[in-house]
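A.B. asks: Pasting a structure below so you can have a look.
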Amino acid sequence: MTQPADATDAFARDVRLYVFGEAANTGRVPQPPEIAAAMGRSQAEVEQAVRQLAAGRVMILAPNDGNIWAANPFCAVPSPFRVEARGKTYWGICIWDALGIAAALGTDAVIQTACGDCSEPMLLEIAAGKLKRSEGIIHFAVPAHHWWDNIGFT
Amino acid sequence: MLIFRAEEHIDRWCETRNIKRGAALTPQQGWQLACGWYKDKLKPEWRRHTLEEVEALLASVGLTGPFWNLRD
């Protein structure tokens, strides 16, 4: 049965809060089967809500299976942008999101990453809301107007 | 968005991939951008930024010019 738009929007909001709450509290981004079980709803309903959220650029889906790739800034899979905070490990899909994890959590964090060119390890540290330690230069390859043309590459 | 050890590493990365060089930020600019973009993401009342809000954020971090233009 099709639900009214208001109900759909309200459920999508609940899914958003659950996904981001879990990601923040555990470092793991839950996927539709787990979300459905936790919220007592069908997987199809959750998948629809997740698609709605992705269409609204609240999160990013994996290209092939409809799983959540990133509830950005939280990446669902390990990446070269590892963030240690609150005694947990998080992953960002890029350096912006790695910094964004510290910003979203509002906590101290250490970002372990590597030079995009030579793969030498690099370290950034956030403490008391400030960038306490940093090195290197961030590069945006894609002009701002085209970020969402291919968000994976961006 | 990647991070590189130095300018020449950006140049080499672009050259190897035949990609036009984009824009470079200091980590401090990246941190300010991340704070403005994500600080409210976990809040129930979070909503997407408007175009004007993103433009203001970019400008506040010193990111201006054609590369950062969000409009057609």
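A.B. asks: State the extension gain, in nm to one decimal, for the chain segment bounded by residue B:64 and residue B:24, taking 0.36 nm per residue of separation less the distance between their alpha-carbons.
C.D. replies: Computed gain between residue B:64 and residue B:24 is 13.2 nm.
A.B. asks: Any chance you could list the semi-axes, whole Å, largest first, of the equivalent ellipsoid that the Cα gyration tensor gives for the protein assembly as shown, using √(5λ)?
C.D. replies: Rounded to whole Å, the semi-axes are 30, 19, 17.
A.B. asks: State, as an integer percentage, the relative contact order of chain A based on alpha-carbon contacts under 8 Å between residues 6 or more apart.
C.D. replies: Once divided by the residue count of chain A, the mean separation gives 13 percent.
A.B. asks: Taking the number of other C-beta atoms within 10 Å as the exposure measure, put A:134, A:79, A:119 in order starting with the fewest.
C.D. replies: Listed from fewest to most nearby Cβ atoms, that is A:119, A:79, A:134.
A.B. asks: With the alpha-carbon atoms as the only input, what is the per residue convex hull volume for the stretch A:65-154 in Å³?
C.D. replies: Per residue, the Cα convex hull of the stretch A:65-154 comes to 112 Å³.
A.B. asks: Using θ = phi - 60° and the Karplus form 6.51 cos²θ - 1.76 cosθ + 1.60, what ³J(HN,Hα) does each residue of the stretch A:124-133 get, whole Hz, x for Gly and Pro?
C.D. replies: Each residue's phi maps through the Karplus curve to give 10, 9, 10, 9, 6, x, 10, 7, 7, 9 Hz.
A.B. asks: Mean separation of Cα pairs under 8 Å and 6+ residues apart, divided by the residue count of the stretch A:5-71: what relative contact order is that in percent?
C.D. replies: Rounded, it is 29 percent for the stretch A:5-71.
A.B. asks: At a temperature of 4 °C and a viscosity of 1.567 mPa s, determine how fast the stretch A:5-71 diffuses translationally according to Stokes-Einstein, using the Kirkwood radius over alpha-carbon pairs as Rh; express D in µm²/s, rounded to the nearest whole number.
C.D. replies: The estimated diffusion coefficient comes to 111 µm²/s.
A.B. asks: Do me a favour and compute the ellipsoid semi-axes for chain B from its Cα gyration tensor, root of five times each eigenvalue, largest one first, whole Å.
C.D. replies: They are 27, 15, 11 Å, listed from largest to smallest.
A.B. asks: Taking 0.36 nm per residue of separation and subtracting the Cα-Cα distance, what length does fully extending residue A:67 through residue A:133 add?
C.D. replies: Fully extending the segment from residue A:67 to residue A:133 adds 20.3 nm.
Throughout, read-outs are computed from the coordinates displayed, never taken from laboratory work. Here the structure is a predicted model, which means the values were calculated and not measured. Ideal geometry is used to build each Cβ from the backbone, glycine not excepted, and the neighbour counts take in all protein chains shown.
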